[in-house]
Amino acid sequence: MKPQAIPIPTQAVALSRAGWAVLLGLAFLIVQTLASQAQSRPDSFADLADQISPSVVNITTATTVAASTAPSPIVPEGSPFEDFFRDFMDRNGEGQRRPRRSQALGSGFVISEDGFIVTNNHVIESADEITIEFFSGDELKATVVGTDPNTDIALLKVEAEEPLQFVPFGDSDGARVGDWVMAMGNPLGQGFSVSVGIVSARNRALSGSYDDYIQTDAAINRGNSGGPLFNMDGEVIGVNTAILSPNGGSIGIGFAMASNVVTNVVDQLQRFGETRRGWLGVRIQDVGADVAEALGLEEAAGALVTDVPDGPAKDAGVEAGDVIMTFDGTDVQDTRQLVRIVGDTEVGKAVRVVVFRDGGTQTLMVTLGRREEAEGAVPASAPSSEPIEKDILGLTVTAMTEELREQLGLSAGAAGLVVREVDETTEAHEKGLRAGDVITEAGQQKVQSVGDLEDRIAEAREAGRKSLLLLVRRQGEPRFVALSLG
């Protein structure tokens, strides 16, 4: 039987055509949406540049450099060149060793109509005179309100006859990798210059305790320091501070201190003329996987307390070996985060600190001190023990003696086990233990003799632990090291 063609009903044909029209319409909308997303970059940055230019400034500083103390060339007495060198030095003024003036260039931006200006501390550090040049060409002298070397931020003030145009800060935490950004400043002394790029990375740390840098490939060069990094809404999300470069020029790796750090610093400088950071009063280290296992933690997170000198934390009952899990309601991921959130907390505030101790958590109330007033706190020392030497966990250890205290430059009451030797083939050497280190705790209990260490090892094995946590001091600095019990 031959196959027959079955005609499609007229109504069905009409519906099919309507369906195709709907599908084509949807496809067109999707293409338009994707195209608009792909073209989120404006056709031109000119409008944004016009909007922000009046608030960006060039900064010129002048500094008096002390007279050089470098010695003059030595010419043997009676030499035929003696008179020549004396005349040469006199003609060039070297005999007087006069002070000289040095100039430096940088950038900044106005944050209020009454003349507050933000820049980098290194731009104006030690300056005798600071001149602000505006986009209009007008110049004003500036005074320093306050500085913060820890974040390299400085706040200046100018007195203008009329209100100044200023730019607002934006939320740097809202900036995403891939977002467009614009940098403006005074690169290489070339005056007001604009460059654009994207956010290359977030939360970069360079060398400071409070670092939170935005990395960008927008061109940043010498002279851009202190200038603003804008989002596409004309808000400052960073202060251009540093570049990574083998030759001193931009290679597309620039760093801007995040605005959410800067705003807190600027607020304190405006209010007090100085920073007032919260101080917890602990020495801490990150929690590695081996340390987490040794402590019985489910994950490697938090900040491990290595020492508690006199201060707020000690008064509240924080102990060495505690792991700080939350601070004032915020989960603590690592030491860097804890330092930042403590520093951002108001001095004198009572906060809840949750610590992991002895297999469980405890909540302590800590009233924060001020970090700037508490630098250099010294921990208390412990009593001594009698000398016995033994090889344990790849270490040759002996109890503390007066002779060893003297050799190691320790205080009279320093106690613990002194590491005499470290087997270079063992995990102990791999994890950085060296002769001269002092083990003060094992398994979060003080050790004063070799017997104490052996007891801690036995207890850890009985508890099913695969490793033992040691508190080790080197030149007074403590850190925890977890060694496998094997």
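Bear in mind that the values in this text are calculations on the coordinates, not laboratory data. What you see is a predicted model, and the numbers here were worked out from it, not measured in a lab. All Cβ positions, glycine included, derive from the backbone under ideal geometry; neighbour counts span all protein chains shown.
At-a-glance table
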quantity: R0 of 25 Å, Cβ-Cβ distance Glu129-Ala160: FRET efficiency to nearest 0.05; calculated: 0.90
quantity: Contour excess over end-to-end distance, with Cα ends at Ala350 and Leu485 and 0.36 nm allotted per residue; calculated: 44.5 nm
quantity: Inter-label distance, nm, simple model (7 Å from Cα along the C-beta direction), Ala289/Lys390; calculated: 3.2
quantity: FRET efficiency, 1/(1 + (r/R0)^6) with R0 25 Å, evaluated for His429 and Thr401 via beta carbons; calculated: 0.55
quantity: Centre separation in Å (Cα based) which lies between the stretch 426-470 and the stretch 150-200; calculated: 52
quantity: FRET efficiency for Ser411 and Ala205, using Cβ-Cβ distance with R0 set to 30 Å, rounded to 0.05; calculated: 0.35
quantity: Viscosity 0.890 mPa s, temperature 25 °C, Stokes-Einstein D of the stretch 431-470 from Kirkwood C-alpha radius, µm²/s; calculated: 229
